[in-house]
Amino acid sequence: MRLSTAFLVLLFASITDIKTREVPDWLSYGAIIFGSLLRVGWSFYDLSWQPLIEGIIGFGIFFAIACVFYYLGQWGGGDAKVLMALGVFFGFQTNVDAIIISFFVNLVFVGAIYSILIVGALALHAYSKVVYQIKKMYKNSYGQIVLGLRTGLILSLAILSIALFIPKDIRLIALLLIIFSWLFFYLAVVIRAVEYGVMRKKISPELLTEGDWVVKDIIVSGKRICGPKDLGVSKEQIKELIKLKKKGKIKNVLMKTGIPFIPSFFLAYLVTLFYGNILVELLKFILRQPF
């Protein structure tokens, strides 16, 4: 029941995240509470503390991970709370095939691919803006591009040197690392161009929603109203901004829109249910190949 409930939570959270760019608190908090109640009932049924303890540890692990990504500005509060709920549902076991471990490993892979595809789609959709932003970022500054080429070359030579002393059956991993070392710099350039050229926009304070990221500090009459250090604008700050606009003291707010990331949770969960741990399966596949 807990796994099917997690499936439904991620499905509905993905839909709301795509439509509104946020996950309602009733869904995330409700999932945490319901998952906890399931764990309590399970413990009573088995006359054992183990199901409850596993849920508490799972919640704690995903709580720590969620906080790290939230305070780094990579996730919103909705993403963090959904991940905590999944920690309760999955629980923690020490075996490598444990669902909590498989899910997190899969989320790293699926989340990276998902983010690249979304950023790529945004770059193609706003191609002229992205190209303009790249030219603007590197105008009269080719040194950084040369630095990227030099870094990629050094990493490639280092990986090739190491590959000479590792077993042949895992040299494919070394080849993949070389490819990624070259792509990483230029991918980072495109991501930054998309962020500055597409994902940043000026909007009226009335259009802000709780948790939106304000790019620059808004200071009126020496008083700081909100800014990037807030890790998302609050309802009280939105009300204050609306009042300031009505008084004519501000017009718009420069904010950064994010990509709906909960769908990557849902995709990673599907992969976990139907395929298992991607990393384990990938290593098994590589070790079976005759190099």
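The values are calculated or read from the model by the stated rules, or taken from the named source; none is laboratory data. What you see is a predicted model, and the numbers here were worked out from it, not measured in a lab. Backbone-built Cβ (ideal geometry, glycine too); neighbour counts: all protein chains shown.
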List every residue pair whose Cβ atoms sit under 6 Å apart, with the two residues 6 or more apart in sequence or on different chains, where the first one lies in segment 222-240 and is more than 17 Å from E206 (Cα to Cα) and the second, anywhere, is not in a helix (DSSP H, G or I). R224/D217
So, of the residues in segment 201-226 that are buried (at least 16 other Cβ atoms within 10 Å of the Cβ) and in contact with a strand residue (DSSP E or B) (Cβ under 6 Å, 6 or more places away or on another chain), which turns out to be farthest from S115 (Cα to Cα)? I225
Residues (more than 23 Å from G76 (Cα to Cα) and either assigned by TED's automatic domain parsing to the domain that holds P24 or in contact with a Ser or Thr (Cβ under 9 Å, 6 or more places away or on another chain) (or both)) located in segment 244-270: K245, K249, K251
Within segment 32-42, which residues are touching a Leu at 6+ places or on another chain (Cβ under 8 Å) and modelled with pLDDT of 90 or more? R39, V40
Suppose we filter segment 37-55 for residues that are more than 31 Å from the chain's Cα centre (by Cα) and either under 17 Å from L86 (Cβ atoms) or in contact (Cβ under 8 Å) with a residue 12 or more places away in the chain (or both); how many remain? 1
Scope segment 84-127; condition in contact with a Lys or Arg (Cβ under 9 Å, 6 or more places away or on another chain) and among the aromatic types (F, W, Y); matching residues: F89, F90
If you scan segment 1-21, which residues turn out to be of a type in the set (D, E, K, R) and buried (at least 20 other Cβ atoms within 10 Å of the Cβ)? D17
